[in-house]
Every structure is written in structure tokens, then in C-alpha cells.
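Just so you know, all these numbers are worked out from the coordinates, no wet-lab data involved. All values reported here derive from a predicted model rather than from experimental measurement. Cβ placement follows ideal geometry from the backbone for every residue including glycine, while neighbour counts extend to all protein chains displayed.
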Amino acid sequence: MLLGYCSPKDKVPAVSLRPLTHRFLVGSVSHVPLVAAMLTPTQEFRRTHLRAARELPRGLDAVVDQWVGAWRRNHARGGDLVAEALKIDALAPEYAALSQTALKERLSTHRQQLQRRTHEGGNVDALHYALAAIRETASRTLGLTPFVVQLAGALGLYRSNLVEMGTGEGKTLSAGLAAVLHGWTGKPCHVITVNDYLAQRDAEWMRPLFAFCGVKVGFVTGAMSTEERTRGYAQDVTYCTGKEIVADFLRDRLRLGRYQDAGRRQMLLLLQPRLKHLPGVVMRGIHAAIVDEADSVMIDEAVTPVIIAAPHANEPLKEACRTAYDLAQEFTRGSDYRLNDKYREVELLEPGKKKLAEMADRLPALWRGTERQREIVTQALTARELFQDGRHYTVKNGKVLIVDEFTGRIMQQRTWRAGLHQAIEVKEGLDVTDPTETLARLSFQRFFRFFEKLSGMTGTAREAAAEFWHVYRLPVVAIPPNRPCQRVEMPDRILPTAEAKWSAVVGEVCDRHARGQPILIGTRSIAISEMLSERLAALGVEHQVLNALRDREEAAIVARAGRCGAVTIATNMAGRGTDIELGPGVAALGGLHVIGTDRHDSRRVDRQLFGRSARQGDPGSAQTFVSVEDELLQRLLPQPAIEKLAAAVERDWAGSGRMVSLMFDRAQRMTQRIAFKQRLSVLQMDSWLDDALSFAGMEHG
């Protein structure tokens with residue numbers, strides 16, 4: 001489902017779209033604050049200059065392209081980067097002996113050397129010396145001396161790779177080192193992460209390093225005003241989230257309209273001397289991007305485009321949604337419609353279509369046509385059958401708030417389109433809001449391919465290595481851990497029913513909690529996390545719950561999860577980016593124990609959850625509890641097969657556990673293939689709409 005994105009704090013002028021034109025035509029913008037500073041002609045050109053997004057290869061070309069990607073991944077091995085990092089490490093004594101003044105002079109010299117060689121592909125020795133100086137600066141300003149593997153990660157990022165570094169290996173510092181190098185060019189550099197808290201935290205944490213190196217740093221969060229956003233983007237390096245930068249990019253393009261061309265903007269400023277600023281444009285362009293938690297931002301979130309929308313009064317639609325939901329109550333699953341769990345779709349059957357035709361006169365006149373009546377009733381059935389409170393959304397202060405299934409976080413200012421959001425409001429008995437009108441849309445895949453220099457980092461990339469290359473042209477490079485991983489991963493514990501699974505999970509928590517071992521429990525949804533919380537509370541087990549209803553406490557709760565006796569329940573991706581350090585005496589108890597309560601749609605998310613334990617050589621353990629009644633298997637197998645498999649597990653027949661594990665593996669692969677096709681369809685839709693929503697104009701490189 002597509003989501004709308006509308007920011008009431010940052011209004012966009014009225015826009016008229018012409019289907020066959022290549023630019024937005026913007027109406028009056030005189031009411032928008034004039035806040036963007038005047039730039040030089042070169043800087044003004046960069047503001048809207050975009051790299052041409054190449055067409056994805058198809059057929060035999062796609063096969064050859066995958067071979068090239070595999071060769072690139074093998075050629076750019078993490079071991080080679082570590083070997084280079086060891087050379088940088090050998091320079092440490094030379095820079096450690098420098099005074100503060102001498103170190104600043106060296107940094108200035110290295111900056112000039114790299115700038116002079118920018119167009120020649122850079123110089124390896126100059127890069128090594130520059131990173132050695134930046135490393136010493138980090139040691140003095142942050143109190144952190146980057147490990148060799150962190151230097152290797154910085155090299156990989158600077159050279160436009162997708163770097164895989166384990167949880168707790170110091171990706172934030174590696175990104176800071178690479179961002180200094182990009183910041184020295186004077187061209188915009190954005191460090192993109194998964195939430196506002198991390199964007200602000202990392203920018204402020206790295207600020208002393210950037211300042212000493214002569215690089216200005218800022219951040220942009222969702223709550224900022226236009227003026228604050230402009231200041232954040234005006235810096236050499238800007239930390240922000242993927243959703244915010246894409247939304248600001250779209251809003252800027254809407255404001256610029258036909259002045260997306262730099263030449264036209266220069267003529268406008270020459271002809272109107274009093275106009276010393278551009279109207280409300282907040283960004284100074286895009287050039288380099290370092291994407292933190294890249295699999296979440298570039299893969300998981302990429303299934304949904306960012307859409308700029310504005311509320312549009314439509315009483316007939318609101319009335320139609322109410323009536324359609326009433327009609328949907330008279331439809332019976334199996335006879336009138338069927339559910340496709342694999343693709344999360346509702347399909348009307350012939351009896352249902354006939355029943356709807358007989359009831360169509362109860363709908364408003366605009367929705368009595370065959371296709372329109374089927375569409376709106378199908379949306380009502382979809383809202384009733386496929387969207388659950390506590391998993392897909394939550395109701396807060398009389399509003400339906402969408403929950404990101406991957407992160408467990410509330411997606412502020414987002415709505416479902418095509419009447420689905422209104423159908424869910426009717427389902428929950430809430431006031432029906434006005435639908436939104438789309439002004440602009442852009443997928444993450446297309447946006448990130450506009451960058452001249454793109455790189456990313458994550459702890460779980462290898463499962464998506466082929467997609468990173470196919471879509472973003474990013475080879476995945478695995479960096480070895482600083483210390484060998486000590487995590488003990490136990491085989492899945494397989495139970496016949498969901499009730500048996502939850503009882504086993506609670507029993508395991510009680511046993512380990514009694515010994516004082518800290519426990520982190522990963523869940524798929526808010527509803528499950530609340531249910532587990534109630535069960536543990538009934539047994540007197542003190543615990544913390546982290547889900548979309550408690551997002552403000554996220555980082556603090558996760559940071560305390562490694563203390564002796566701590567029990568933390570969290571949606572699988574919540575708290576990502578925050579390290580869990582072990583409390584005193586916890587290592588002797590076996591470290592942090594992670595419990596997964598379900599297999600996720602993607603194996604990467606399972607690995608991310610397990611990666612919370614045993615950071616930096618600490619001890620730790622992990623295990624997943626699954627049942628034959630879990631949703632992932634329900635999508636794959638018919639009910640009779642589920643019942644037979646449950647009976648085999650309950651009777652402990654030989655090989656039954658192995659069979660269930662294989663079924664889960666197959667279900668994950670199938671779900672990942674479907675998600676990949678959905679992401680490609682979003683990208684294809686961008687191409688189809690390119691005539692109406694073109695962002696390249698005449699300035700493609």
C-alpha cells in the first residue's frame with residue numbers, strides 16, 4: 001500500500017501538474033519565507049544537479065550484471081581494506097607526537113592534497129595520511145581511537161561500497177571518519193540513518209571531531225521549521241533520516257518549479273536584484289551519502305515511496321467509506337471473497353460481485369460504477385481482514401497512526417492512500433479524516449541513485465548483496481570483527497501451537513531471570529509485546545517494554561538491557577543503533593541472552609536481533625522460539641498440512657523439527673522474493689511517472 005506524506009509545519013505552494021510536461025509549474029510563492037542564502041553560480045548549479053539514474057539491466061544483461069557484481073564483491077574484499085588500514089595504523093606514532101597546532105596544519109595540508117586529486121581518482125598515499133591524521137584527531141577530541149577494522153570501514157565507505165560491520169563494531173565512528181573526507185570537498189554530504197534521535201545524537205557526538213578538522217556539521221529532524229532545516233542542510237555534513245531528506249528534496253522541487261534549471265535561477269536573480277534569496281528552498285543539493293543501517297533504509301523501507309500530499313476535502317468519499325464498511329459486514333469469507341495471505345490481498349468472488357451489484361444503490365452515486373464499487377468495498381474488506389490494531393497501526397488521541405512493521409516505530413504524518421486510511425478509521429469508530437491529494441512522489445531506490453557518491457553500512461547485508469548491486473550498484477564488502485564473536489546460537493525451539501510457544505518463552509525467561517542473566521525478547525508487533533508483558537507481570541517478573549507506544553524511551557531502555565537481571569521486550573528492530581553494554585558481573589552469567597519469538601519475513605531481521613548480544617567479543621547467546629501456527633507458515637501451507645505438522649511436532653516424530661525448520665526457511669525465501677518484486681514495481685512506477693514527475697530536467701550529468 002502507498003503511504004501519503006504531508007508536513008503541516010512546512011506548507012508547499014499550490015501546484016498544477018501537466019501530465020506531459022517535464023517540470024512542476026508552481027503558483028505564487030511570495031508567501032513563503034525567503035530563507036535560503038544566495039550561492040555562487042557553481043553552488044547554485046549543484047543545488048539541483050543530479051546524476052542520471054541508469055536503467056536497470058534486463059534479460060541477459062541482468063545476468064551479466066550480476067556476474068559483474070559478484071566479481072566486484074570478491075575483488076573488494078574486507079581483508080584488502082584491513083591490510084590498507086594496517087598501513088594507516090603504522091602511521092599512528094608520527095601523528096601522536098604532533099602538537100595540536102601541528103596536527104591542525106597537517107589536516108589542512110591533507111585536505112588540500114585530496115582536493116587537488118579529486119578529479120584524478122584520488123591518491124592512495126594521500127588518503128592514508130589523511131585518515132591517519134583524522135584518526136589521531138578522533139582520539140584527542142572524542143576520546144576514541146578507531147580500531148583497524150573501523151579504519152577499514154571508513155575506507156570502504158569513502159570508496160562507495162556497502163560495508164557490512166557487526167553490531168557494536170563502531171559503524172558510527174567509521175561513518176564520521178569518511179564524512180570528514182567528503183566534507184573537505186565542500187560539496188553536500190549527508191549521513192542518513194533510521195530515526196531522528198540517532199541523527200541528532202550522532203551529529204552532536206561527532207561535532208568535536210568535525211570542528212577540529214575544519215568541517216561544519218548539522219542535523220535535520222522531523223520537528224524542525226523551514227529555517228532550522230535550512231541551517232542544518234547548509235553545513236558541510238548533515239545527519240538526517242531517509243524520509244526527511246526525500247521529503248525535503250521533493251518539497252524543494254515543488255517550490256522551484258520551472259526554476260529547477262540553474263541558468264533560469266541565475267537569470268531570475270539578475271533580473272530581480274531585490275530577490276536575494278530563493279523562496280523557501282532548504283537544501284543546497286545532493287552529492288555524497290553515507291547510509292547507516294542501509295538494509296533498513298534502502299531495502300526494507302524502499303517498498304513504499306515517499307509522497308508529498310495535501311488534505312483534500314472529499315465528503316462523498318468519506319460517506320462512501322462508511323457505507324462500504326457497512327456493506328462489507330454482509331460479506332462472508334470463502335463464499336463472497338477470499339484472502340491471498342501471500343500477497344496480502346482481498347479478491348472478490350463471483351457470488352460476492354453479484355451481491356455487491358444488488359447493494360450498489362446504497363453507495364453514493366459516484367461509487368455505483370462496477371469498478372469503483374468493487375474497489376471501495378475491497379478496501380473495506382482489506383481494512384477489516386488484513387490490518388490489525390497493535391501490529392499495522394495503533395490508535396492514539398483519536399487518530400490512526402501507522403506502525404512500521406520493520407522497526408516497530410510510529411510513522412508520523414503518514415497515511416494510507418486510496419481510501420484505505422479512511423476505511424480503517426471507520427473500522428475503529430473514529431471521525432473520518434479528509435483524504436489527501438498527491439503533489440509529488442519518489443521512491444528511495446530512485447532518490448539514492450541520484451547521488452554522485454553513495455555508500456552504506458549495516459550489520460546484515462550479505463542476504464541482500466545481489467539487490468544492493470542490481471539497484472544501487474553497491475558492492476557489499478564484509479569487514480571482519482575487531483574481536484572474534486563469542487555468541488552461542490542455539491537451534492530453533494519448535495512448538496506445536498502458539499500457546500505452547502508463549503508458555504515456553506515465559507518459562508525460559510523466568511529460568512534465566514532467576515539466575516540474574518539479562519534477557520532481550522524480540523517480538524513482531526506491539527500487540528505481542530503487550531501480551532508478553534501481561535504474562536510476565538502476572539508472574540511478578542520486572543521488565544521493560546519497548547515498542548511504538550514508547551518510542552521516546554527507546555534508546556535509554558535498550559542501553560540498560562545488558563544490566564544484571566534486566567528483562568526487555570522489544571519489537572524486533574526497535575532501539576537499532578544503540579549499543580547494549582554488559583553490566584558488572586553479567587559476563588560470568590553468560591552475557592545477554594536474546595530470545596526471538598518468531599521468524600521474521602526476512603532472515604536479515606532475525607540476524608539483526610541476534611546481533612544485539614555478544615558485541616565486541618562479549619559472551620552472549622540467542623535462540624528463536626517458533627510454532628507451527630506462526631503466521632509465516634500459515635501463509636505457505638494449507639490448514640490441513642498445518643494440522644498434520646502440528647500433530648507430528650507434538651508427538652515428537654523423528655525429523656518433524658527438521659521439516660518445520662526447512663518450511664520456515666522456504667517461507668522466508670518466498671516472502672523475500674515477493675518483497676523484492678514489490679520494490680522493483682515501486683521503482684518501475686517511478687519510471688512510468690517520469691514524464692509528469694521529472695527531477696532531472698536539463699541538468700542531468
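Please report the spacing between the Cα centers of the range 152-186 and the range 607-683 in Å, no decimals.
Each part reduced to its Cα centre gives a spacing of 33 Å.
Please list, in chain and number order, the residues 5+ apart from R417 or on another chain whose amide H is under 5 Å from its amide H, with Hs placed from the backbone.
Amide H to amide H, under 5 Å and 5 or more residues apart or across chains, R417 pairs with L2, G4.
Calculate one ³J(HN,Hα) per residue across the range 621-633 by plugging θ = phi - 60° into the Karplus curve 6.51 cos²θ - 1.76 cosθ + 1.60, and present them in order as whole Hz with x for glycine and proline.
8, 7, 7, 10, 9, 10, 9, 5, 8, 5, 4, 4, 6
In whole Å, how far is the Cα centre of the range 306-324 from that of the range 464-510?
41
Using only helices, what value at 222 nm comes out for the chain when you add -39,500 (n - 2.57) per DSSP H run of length 4 or more and divide by the total residues, to the nearest 500 deg cm²/dmol? Write out the running numbers ahead of the final one.
Numbers: 25 runs with 310 residues, N = 701.
Computed ellipticity for the chain at 222 nm equals -14000 deg cm²/dmol.
Compute the length gained on full extension between E631 and C564: take 0.36 nm times their separation in residues and subtract their Cα-Cα distance, giving the result in nm to one decimal.
In short, 20.8 nm is gained.
Please tell me which of these pairs span more than 21 angstrom C-alpha to C-alpha: K243/K318; K216/K453; K501/K644; K318/K427; K501/K677; K354/K677?
K243/K318; K501/K677; K354/K677
Let me know the Rg and Dmax you get for the range 314-434 when you use only its Cα atoms, in Å.
14.4, 43
Determine how many Å³ per residue the convex hull of the Cα atoms of the chain encloses.
Dividing the Cα hull volume of the chain by its residue count gives 177 Å³.
Given labels modelled 7 Å from the Cα in the Cβ direction, how far is it in nm from E452 to L349?
Simple spin-label model gives 6.0 nm for this pair.
Just to check I understand the Karplus step: with θ = phi - 60° and J = 6.51 cos²θ - 1.76 cosθ + 1.60, what whole-Hz values come out for the range 294-309, glycine and proline as x?
Coupling constants for the range 294-309: 4, 5, 5, 6, 9, 10, 5, 7, 6, 6, 10, x, 7, 10, 8, 9 Hz.
Can you pull out the trypsin sites (Lys or Arg not before Pro) in the range 485-521 whose DSSP state is coil and whose Cβ has at most 13 other Cβ atoms within 10 Å?
Hits after loop and neighbour filter: R515.
Using θ = phi - 60° and the Karplus curve 6.51 cos²θ - 1.76 cosθ + 1.60, what whole-Hz ³J(HN,Hα) does each residue of the range 563-568 get, with Gly and Pro shown as x?
6, 4, x, 6, 10, 10
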